Amino acid sequence: MGTSSARRIRSSMTLLAAASAVLLSAAVPAQQAAPARAPAGPPGMAEINKLPDNVGTGRFPAMKEEVPSLPDHVVYRPKDLGRLGRNELGVVAWGNGGCSDDGASTRFHLLELASHGYVVIAAGRIWSGPGAPARPANAEPQPPAAGQVPPPRTQAKDLVTAIDWALAETARSGSPYFGKIDPGKVAVSGFSCGGLQALTAAADPRVRAVVLQNTGVLNDGPGAIPGMDIRKDALQRLHTPVLYILGGPTDIAYANGMDDFRRIDHVPVAVANLPVGHGGTYFQPNGGPAASVAVSWLEWQLRGDSRAGARFTGKDCGLCKDAQWTFEKKKIP
């Protein structure tokens, strides 16, 4: 990738790291970062923050919460755990856009995943959405100095902490999750910088599926964000099937994500492109089309759901025939 392209990506990552790193695909220009808290910010963001949480389209209406036993994380889960019956929950550890500490920044997307029977855990606190508190002055993200990128406010290890907590809870007598989580159904996922966190955490042997969204390892060396020194050799540590969901050629992560796809040749890998840019469909109801594809991948990889897998398998796969999407795959029937 040329120097100008790398500079453009670094500039965009700076914006993502400095703000909440949630981008609007329709209401906000493609490289403009959303605010750290409501209501200030780009036009449209204040209105998004007023929208109530969706409950998802799955069988288990979802909710989000902060829990004392998992500090600095937000947990998305089915509201009524008693309705699970014999169904066991899967686990998805999520990395926020911009590696921000707003665990509610992609709440529509994460609630949709949770409604299909997953405990989805994002690093950070609930800093956006209806009723979100104002940040204390000492918790406000500081703007970077000229020409510099601030360190991320979350780390890849936060995703591992989320997995540790979930698996400990299902084994703890007295936990609301006691016996309700399947330790064999663990995934990592994330958006943009958070996708790189997920890629790092994907090396954990407990992980069984990976979904990386609007992200990719920088093509010309280490990343621009301090503490995110991830290189292309991280791809070789993948040990599970992986899906990239990108926003098409206008996505600032497109070149890097597509290069990742081309380099991965030891595990099944697919890339699905929807031409919406870097902001994806996170702010659409129930996370929009990208969330639907992510759910299908999880259901296929973690639960062996052949109907969900039909979106990815065969010459006439669902995404192969869907005019909205451009789909490529390797080592997938």
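For segment 59-78, what are the residues that are basic (Lys, Arg), assigned to a loop (DSSP other than H, G, I, E, B) and closer than 16 Å to Ile181 by Cβ? So that I can check it myself, show each step before the final result.
Quick first cut of segment 59-78, residues basic (Lys, Arg) only: 59, 64, 77.
Now restrict to residues that are assigned to a loop (DSSP other than H, G, I, E, B): 59.
Hits for segment 59-78: nothing passes.
In segment 99-126, the residues that are over 18 Å from Met45 (Cβ atoms) and among the acidic types (Asp, Glu) reach residues that are at pLDDT 95 or above and not in a loop (DSSP other than H, G, I, E, B) with C-beta atoms within less than 6 angstrom, at least six apart or across chains, in these pairs: Glu112/Asn286; Glu112/Gly287; Glu112/Ala291. Checking each residue in segment 317-326 for being farther than 16 Å from Pro268 by Cα and not in a helix (DSSP H, G or I) picks out Asp322, Ala323, Gln324, Trp325, Thr326.
Of all the residues that make up segment 79-108, how many are part of a helix (DSSP H, G or I), farther than 20 Å from Phe178 by Cβ and not charged (D, E, K, R)? Give the derivation first.
Going through segment 79-108, the residues part of a helix (DSSP H, G or I) turn out to be 81-84, 97-99, 107-108.
Imposing the further condition that a residue be farther than 20 Å from Phe178 by Cβ reduces the set to 97-99, 107-108.
In the following step, the residues that additionally are not charged (D, E, K, R) were identified as 97-99, 108.
Counting residues in segment 79-108 that are part of a helix (DSSP H, G or I), farther than 20 Å from Phe178 by Cβ and not charged (D, E, K, R) gives 4.
Identify, by number, the condition in (1) touching a residue at least 24 places away in the same chain (Cβ under 8 Å); (2) more than 19 Å from Gln213 (Cβ to Cβ); (3) surrounded by fewer than 24 Cβ atoms within 10 Å (Cβ to Cβ) that Glu65 doesn't meet. Failed condition: (1).
Could you check segment 231-268 and list, in sequence order, the residues that are more than 26 Å from Thr313 (Cβ to Cβ) and charged (D, E, K, R)? Correct list: Arg231, Lys232, Asp233.
Here are some residues: Asp265, Asp233. Which one is assigned to a helix (DSSP H, G or I) and either modelled with pLDDT under 95 or more than 23 Å from Leu113 (Cα to Cα) (or both)?
Details: Asp265 fails: assigned to a helix (DSSP H, G or I).
Checking each option against the conditions leaves just Asp233.
Inspect segment 124-143 for any residue being closer than 25 Å to Arg208 by Cα and either surrounded by fewer than 19 Cβ atoms within 10 Å (Cβ to Cβ) or of a type in the set (A, V, I, L, M) (or both) and give the result as yes or no. Looking through segment 124-143, none of the residues is closer than 25 Å to Arg208 by Cα and either surrounded by fewer than 19 Cβ atoms within 10 Å (Cβ to Cβ) or of a type in the set (A, V, I, L, M) (or both). If we scan segment 271-293, do we find a residue that is surrounded by fewer than 17 Cβ atoms within 10 Å (Cβ to Cβ), more than 22 Å from Ala122 (Cα to Cα) and touching a residue at least 24 places away in the same chain (Cβ under 8 Å)? Taking every residue of segment 271-293 in turn, at least one turns out to be surrounded by fewer than 17 Cβ atoms within 10 Å (Cβ to Cβ), more than 22 Å from Ala122 (Cα to Cα) and touching a residue at least 24 places away in the same chain (Cβ under 8 Å). Which one is surrounded by the most Cβ atoms within 10 Å (Cβ to Cβ), of the residues in segment 163-218 that are assigned to a loop (DSSP other than H, G, I, E, B) and of a type in the set (S, T, N, Q)? Taking the candidates together, the pick is Ser192.
Rundown of residues vs (1) over 19 Å from Leu218 (Cβ atoms); (2) assigned to a loop (DSSP other than H, G, I, E, B); (3) in contact with a helix residue (DSSP H, G or I) (Cβ under 6 Å, 6 or more places away or on another chain); (4) among the polar types (S, T, N, Q), yes/no style:
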position	(1), (2), (3), (4)
Leu243	yes, no, yes, no
Ala270	yes, no, no, no
Asn286	yes, no, yes, yes
Ala290	yes, no, no, no
Ser296	yes, no, yes, yes
Gln301	yes, no, no, yes
Phe312	yes, yes, no, no
Lys315	yes, yes, no, no
Lys329	yes, no, no, no
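The values are calculated or read from the model by the stated rules, or taken from the named source; none is laboratory data. In this text, all values refer to a predicted model and were calculated from it rather than measured experimentally. Because the Cβ atoms are built from the backbone with ideal geometry, glycine has one as well, and the counts that use them run over all protein chains shown.
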